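Structure record follows, encoded as C-alpha cells.
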Amino acid sequence: MTQPMGFETVGKENMVCKLKKSLYGLKQSLRQWYKHFDSFIRGKRYTHSHYDSCVYYNKLPRGEYIYLLLYVDDMLIVSKSISAIDKLKKDLSSEFEMKNLGKAKKVLDMEIERD
C-alpha cells in the first residue's frame with residue numbers, strides 16, 4: 001500500500017498507514033462487521049446457534065422464539081410475534097444502516113410459503 005495522495009510524508013515514503021478500523025472492500029472488513037454484529041446481537045440476549053454460526057435465536061417471555069438468520073449482508077427474521085420482530089428491527093436499525101425489503105419471498109434459493 002502506498003500513502004494516499006495528499007497524505008504523503010516527506011522522507012517517509014516507504015512507510016505505510018495503520019488503519020484504526022476496517023475499510024469497506026478490504027478482505028477483513030466483512031469479518032470486522034460480523035464481529036460487531038455478533039457482539040451487538042449477543043448484547044440483546046440472543047443466543048448463537050451451535051449448528052450454524054449465522055443463526056441467532058431468543059426465547060420470548062410467552063415461550064415463543066424469534067430467529068434471526070444472517071447471510072452475508074441479508075437478514076431474515078422469523079417469529080410468531082410481530083411485536084418482537086418490530087422491536088428487533090428497531091434495535092438493529094439504531095445500530096446499523098438497514099433497508100426493509102418487506103416480506104421475504106425467497107431465501108437461499110428456497111421459496112417461502114405462508115399459511
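Please go through the stretch 61-102 and pick out each residue that is among the hydroxyl-bearing types (Ser, Thr, Tyr) and over 21 Å from SER29 (Cβ atoms).
Within the stretch 61-102, TYR65, TYR67, SER79, SER81, SER83, SER94 qualify.
Scan TYR51, TYR46 and give me the residue that is farther than 24 Å from LYS105 by Cβ, among the hydroxyl-bearing types (Ser, Thr, Tyr), at pLDDT 90 or above and more than 15 Å from the chain's Cα centre (by Cα). Working first, answer last.
Numbers: TYR46 fails: more than 15 Å from the chain's Cα centre (by Cα).
None of the other options fit; the residue is TYR51.
Could you list, in sequence order, all residues of the stretch 93-109 that are out of contact with any helix residue (DSSP H, G or I) (no Cβ under 8 Å at 6 or more places or on another chain) and free of Cβ contacts under 8 Å to residues at least 12 places away in the same chain?
Within the stretch 93-109, SER93, SER94, GLU97, LYS99, LEU101, GLY102, LYS103, LYS105, LYS106, ASP109 meet the criteria.
If you go through the stretch 93-115 one residue at a time, how many are under 17 Å from ASP38 (Cβ atoms) and touching a Phe, Trp or Tyr at 6+ places or on another chain (Cβ under 8 Å)?
2
Yes or no: LYS44 loosely packed, with under 11 Cβ neighbours inside 10 Å and either out of contact with any Ser or Thr (no Cβ under 8 Å at 6 or more places or on another chain) or not hydroxyl-bearing (Ser, Thr, Tyr) (or both)? Explain how you work it out, then say what you get.
Numbers: loosely packed, with under 11 Cβ neighbours inside 10 Å: no; either out of contact with any Ser or Thr (no Cβ under 8 Å at 6 or more places or on another chain) or not hydroxyl-bearing (Ser, Thr, Tyr) (or both): yes.
For LYS44, the condition - loosely packed, with under 11 Cβ neighbours inside 10 Å and either out of contact with any Ser or Thr (no Cβ under 8 Å at 6 or more places or on another chain) or not hydroxyl-bearing (Ser, Thr, Tyr) (or both) - is not met.
Of (1) farther than 30 Å from LYS18 by Cβ; (2) assigned to a loop (DSSP other than H, G, I, E, B), SER83 satisfies all except one. Which?
Status for SER83: all satisfied but (2).
The values are calculated or read from the model by the stated rules, or taken from the named source; none is laboratory data. Treat the numbers as computed from the prediction; the structure is a model and nothing was measured. We place every Cβ from the backbone using ideal geometry, glycine too, and count neighbours over all the protein chains shown.
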